[in-house]
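For reference, the structure is listed below as structure tokens.
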Amino acid sequence: MMFHQLMYVPQGECALWPTNLMSLPLIADTLMGIAYYAIACSLIYFLQKRKDIPFTSIFLLFVAFIVVGGTNHFIDVWTLWHPDYWLSGTVKVITAGIVVSTALQLIPVIPQVLDLPSPAHLEQINQQLQQLQQEISERKQAEQQLQQLNQFLGLNLRERTAALVKQEIQLHAFLDNATDLIQSVSPEGKILFVNQAWKTTLGYNDADVDQMSVSRIIHPDEIACFQSVIQQLLTTPGDVIAVETKFIAKDGREILVEGNINCQLENGQPVALRWILNDVTQYKKATEELQNSKLFLELILNTIPLYIFWKDQESVYQGCNERWATMAGLASSEQVVGMTDQQLPWTDDEREWYLRCDRKVLTTGQSLLNIQGQQTQADGQQKWRQANKVPIRDATGQIVGLLGIIADITKRQHTGGQLQQYTSQLEVANQELEAFTYSVSHDLRAPLRAINGFSQALLEDYGDTLDETGKDYCNRIRKNASRMGLLIDNLLTLSRVARAAMHYVTINLSDLVQELASELQTSAPHRSVEWIIAPDALVYADANLMRIVLNNLLQNAWKFTSYHPTARIEFGVLQQDEDPIYFIQDDGAGFDLAYIQMLFRVFQRLHTIHEFPGTGIGLATVERAIHRHGGKVWAEGAVEQGATFYFTIPKYLHSVAT
């Protein structure tokens with residue numbers, strides 16, 4: 001070692017190495033060195049853990065002081081055996097430097113340390129800190145509670161807001177689904193809100209309503225009344241005023257409305273006028289029509305030459321017409337309401353008979369028709385009556401009363417004998433007509449056959465001796481005899497049409513027209529005729545008469561198109577709300593409308609016999625056959641532009657067929 005010198009001797013040697021003596025410094029210095037190092041290590045550990053401790057530099061000096069102090073003790077142990085006194089001195093110098101530095105550093109720190117709070121003060125501060133910490137904890141808890149409350153309030157506010165929005169949506173949906181006309185108007189007259197029914201009824205859209213004044217929709221005749229209502233509401237806001245006024249729709253229609261207006265208040269001040277109205281235009285119209293219908297019904301009941309009354313289920317009178325009231329001795333028909341037959345001027349037998357008939361109608365639901373008998377009037381006169389009593393049923397079919405209709409047949413009873421006589425005379429006339437028809441059919445045909453036969457024989461036997469004029473005369477006699485026979489046949493057909501019994505069946509007119517058209521085409525195959533026939537025209541009628549009608553009309557069309565190289569004949573049906581119209585149309589010679597009144601008369605012709613053959617009875621036969629079915633027949637046409645013949649069969653018969 002650099003400090004080792006041979007002239008130095010160890011301390012142990014100076015003491016002659018006594019064992020007991022050497023052990024004392026050895027143990028003491030070793031323990032103190034270890035203790036010093038332990039204290040230094042503890043301080044270093046403490047400083048590492050408590051970096052917030054003030055005066056760190058002093059603590060580090062103390063650590064250095066303690067370390068060098070411990071080192072000196074270890075050096076003392078070393079020098080017991082090794083005479084390294086220079087090392088010991090050097091360590092002591094270092095120790096002195098550290099100690100002096102520590103002392104110098106400690107002097108200014110002492111006042112600062114003295115300024116440090118005492119334990120009592122620290123205890124007080126500690127208590128204050130604990131109190132402050134508690135306050136901070138309580139404040140944090142309060143803040144947490146406040147935060148939770150804010151969250152709850154925020155959530156509640158959102159829920160309330162959502163609920164309010166939902167309620168507002170539901171309210172608007174309710175208002176828009178309401179059938180009433182709802183509007184909110186400011187005191188100045190500006191429209192604030194309207195529902196969908198309001199916009200639909202008046203025809204305005206949202207853009208129209210925006211910035212619209214209520215005066216725009218009020219009818220000019222209602223402005224003054226409207227202003228007085230508004231003034232009354234603003235003066236007494238708590239009132240609810242019933243109104244009936246007229247609005248003007250966007251398209252100019254007048255809408256009659258009625259309902260209520262009240263005032264909406266905020267802080268006691270009117271902020272809006274709420275209108276809840278109903279469109280009563282149709283209701284008023286229907287009421288007026290109902291009133292008119294009632295008046296019209298009363299007019300009809302009072303005009304009909306019959307005695308009419310109606311009763312309830314207890315045979316109590318509910319009404320009558322004026323004729324019946326006069327017969328019963330009442331001043332007006334209203335007086336009969338609530339009365340019974342016991343209060344009217346009938347005899348006891350009549351009352352009993354009336355009630356018995358009422359009970360039969362009300363209990364069985366069957367009508368009693370053509371009940372004849374005498375009735376005592378209020379003036380005491382006995383009149384012959386014919387009554388009909390029928391049950392009155394409600395919508396469910398339950399019997400709620402009865403209707404009585406009475407006819408005065410007094411004159412009929414008095415003229416019954418005369419009618420019987422007239423009937424007998426009519427039967428005799430019909431028999432005479434049958435005899436005349438037989439005579440026409442048989443007795444007149446014999447002379448015609450003789451005339452025709454002898455004319456033919458004259459031509460055949462004496463044709464050589466006759467000149468052309470004589471032959472022409474004979475031919476004319478034969479033609480006129482044939483025409484006379486045809487005329488007799490047509491007259492007989494006309495007579496049968498007027499008298500023959502009707503046998504109704506379902507007839508396919510289209511098939512019948514097709515059959516007759518085929519017969520006509522077969523009779524003249526060289527003719528070029530276009531037939532147009534509507535399919536499945538069904539009627540419920542007499543088959544023989546309908547064949548006569550179609551045969552005559554088709555014969556006419558065939559005849560009056562005969563001079564045209566080509567022709568067109570059509571059978572069709574015109575559907576309408578009333579009776580269907582059947583027609584046969586051609587493009588032939590037509591006729592002058594100035595003579596249309598002669599068209600359906602017997603023996604009346606609009607063309608000469610040389611132009612078109614015929615007897616002038618066919619169309620009269622058609623008219624009579626159609627009239628027997630209750631229908632109508634008419635024609636249209638123009639010269640050389642064709643003709644159209646129309647006829648109808650009543651719809652109730654047509655409905656049976658279809």
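The values are calculated or read from the model by the stated rules, or taken from the named source; none is laboratory data. Predicted model, so just to flag it, every value in this text is computed and none were measured. Because the Cβ atoms are built from the backbone with ideal geometry, glycine has one as well, and the counts that use them run over all protein chains shown. The accessibility values were calculated without ligands, DNA or RNA, using every heavy atom of the protein model including side chains. Shrake-Rupley method; radii C 1.70, N 1.55, O 1.52, S 1.80 Å.
Structure above, values below:
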| item | result |
| --- | --- |
| Hey, residue 76 loosely packed, with under 11 Cβ neighbours inside 10 Å, over 60 Å from the mean Cα position of the chain (by Cα) and either in contact (Cβ under 8 Å) with a residue 12 or more places away in the chain or in a loop (DSSP other than H, G, I, E, B) (or both) or not | no |
| Residue count for the range 54-71, restricted to those that are open to solvent by 30 Å² or more (accessible area, probe 1.4 Å) and either more than 18 Å from residue 29 (Cα to Cα) or among the small types (Gly, Ala, Ser) (or both) | 9 |
| Residue match in the range 51-61 (condition: of a type in the set (Lys, Arg), out of contact with any strand residue (DSSP E or B) (no Cβ under 6 Å at 6 or more places or on another chain), farther than 26 Å from residue 22 by Cβ and part of a helix (DSSP H, G or I)) | no |
| Top-ranked residue of the range 556-572 - restricted to ones that are β-branched (Val, Ile, Thr) and crowded, with 17+ Cβ neighbours inside 10 Å, ranked as modelled with the lowest pLDDT | 561 |
| Tally, over the range 180-229, of residues that are open to solvent by 20 Å² or more (accessible area, probe 1.4 Å), touching a helix residue (DSSP H, G or I) at 6+ places or on another chain (Cβ under 6 Å) and within 19 Å of residue 251 (Cβ to Cβ) | 1 |
| Residue 176, sole failed condition from (1) at pLDDT 70 or above; (2) surrounded by 10 or more Cβ atoms within 10 Å (Cβ to Cβ); (3) acidic (Asp, Glu) | (1) |
| Top-ranked residue of the range 507-555 - restricted to ones that are open to solvent by 60 Å² or more (accessible area, probe 1.4 Å) and modelled with pLDDT of 90 or more, ranked as nearest to residue 579 (Cα to Cα) | 535 |
| Residue 244 being open to solvent by 80 Å² or more (accessible area, probe 1.4 Å) and part of a strand (DSSP E or B) | yes |
| Residue within the range 348-361 that is more than 12 Å from residue 315 (Cα to Cα), assigned to a loop (DSSP other than H, G, I, E, B) and charged (D, E, K, R) present | no |
| Qualifying residues in the range 304-329 (those that are polar (S, T, N, Q) and in contact with a Lys or Arg (Cβ under 9 Å, 6 or more places away or on another chain)) - the one surrounded by the fewest Cβ atoms within 10 Å (Cβ to Cβ) | 318 |
| Residues that are in contact (Cβ under 8 Å) with a residue 12 or more places away in the chain and open to solvent by 50 Å² or more (accessible area, probe 1.4 Å), drawn from the range 330-344 | 337 |
| Residue that is farthest from residue 307 (Cα to Cα) [pool: residues in the range 362-413 that are open to solvent by less than 60 Å² (accessible area, probe 1.4 Å) and assigned to a helix (DSSP H, G or I)] | 362 |
